[in-house]
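These notes are about the structure you will find just below.
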């Protein structure tokens, strides 16, 4: 199995090397199956964008803790979040607990529905860019640290946050429509400040979903 994974992953990594855009893939696609095989081995980082928010109001106040002033996950997003957690368990993907999530409710709620509130730690390291204010550079540095710090074999670091900081740190290969709601960057950490995005995985895609009508992540 290891040999098959090694042969498949250079194809998955090619968009990042060429700076063309990744295409998100479901588990059933050959590229998705290769990502799942790599995740089963551990040593990886899964950076999830929060779940579906279609039909919800856009951010209004940009204040952490103000749920009515934020764009929240939809009922479909709640179901998608739960399905994400179920899929990781069904596929035998090991996860380090606690899972880390940003404090904006759409990220926090996604993590708590997927993994259980008792298994989630909320951290400003995964703030949305437009909630970060003067701390934006620190937030981006924290994303890079969490993407790059080595993870032991046999487990994976799971993060739940937002699209725009992911783009700002990982680059144009994950921009545009490459990183839908409910999708995850599959990241190989390399230590220091170095990492490599291997692909974008959709464990629980929603037909017609992935993007909302608002700006931001």
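The values are calculated or read from the model by the stated rules, or taken from the named source; none is laboratory data. Just so it is clear, the model here is predicted, and its values are computed rather than measured. Methodologically, a virtual Cβ is constructed for each residue, glycine included, from the backbone with ideal geometry; neighbour enumeration extends over all protein chains shown.
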Report summary line: Of those in the stretch 125-141 that are in a helix (DSSP H, G or I) and touching a residue at least 24 places away in the same chain (Cβ under 8 Å), the residue surrounded by the fewest Cβ atoms within 10 Å (Cβ to Cβ) is 130
Query - Residue satisfying all of: in the stretch 14-45; closer than 24 Å to residue 191 by Cβ and part of a loop (DSSP other than H, G, I, E, B); modelled with the lowest pLDDT among these - result: 19
Report task. Output the residue which, of all residues in the stretch 51-77 that are touching a residue at least 60 places away in the same chain (Cβ under 8 Å) and part of a helix (DSSP H, G or I), is farthest from residue 150 (Cα to Cα). Result -> 76
**Report entry** Hits in the stretch 78-93 (condition: at negative phi, surrounded by fewer than 17 Cβ atoms within 10 Å (Cβ to Cβ) and assigned to a loop (DSSP other than H, G, I, E, B))
**Finding:** 91
Report task. Among the numbered conditions (1) within 23 Å of residue 33 (Cβ to Cβ); (2) outside any helix (DSSP H, G or I); (3) in contact with a helix residue (DSSP H, G or I) (Cβ under 6 Å, 6 or more places away or on another chain), tell me where residue 97 comes up short. Result -> (1)
Query raised in the report: Any residue at all in the stretch 152-160 that is over 29 Å from residue 28 (Cα atoms) and over 16 Å from the mean Cα position of the chain (by Cα)?
Result: no
Report summary line: Given the conditions (1) more than 16 Å from residue 183 (Cα to Cα); (2) under 16 Å from the mean Cα position of the chain (by Cα), every one holds for residue 75 apart from (2)
